[in-house]
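A.B. asks: Below is one structure. I have some questions about it.
Values quoted throughout were computed directly from the atomic coordinates according to the rules given, and no laboratory measurement underlies them. All figures in this text were calculated on a predicted structure; none of them were measured in a lab. Positions of Cβ are generated from backbone atoms using ideal geometry, with glycine treated the same way; all protein chains shown enter the neighbour counts.
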Amino acid sequence: MRSQIKKREDLIGDTGTITKSFTVVDAQEGSHGVDVRVRESGGEEYWTSLDDISLDSGVTK
């Protein structure tokens, strides 16, 4: 039996926060600030700003 997929219009446009575990694999500082490359537990890697993450070490700059 096939399950029905229902679009949740009430959620579209809502905002929130995603919390994920990651490891920093690279970091660069320039005039724009600090960018870090992170690897999630599933293996996905991407660049993000240091301002957008919270490190266990507490480093912020």
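A.B. asks: From ILE18, ILE12, ILE53, which residue is in contact (Cβ under 8 Å) with a residue 12 or more places away in the chain and either out of contact with any Lys or Arg (no Cβ under 6 Å at 6 or more places or on another chain) or of a type in the set (Lys, Arg) (or both)?
C.D. replies: After applying the criteria, what remains is ILE53.
A.B. asks: Could you identify the single residue in THR48, THR23 that is in contact with a Lys or Arg (Cβ under 7 Å, 6 or more places away or on another chain), of a type outside the set (A, V, I, L, M, F, W, C) and assigned to a strand (DSSP E or B)?
C.D. replies: Unique residue meeting the criteria: THR23.
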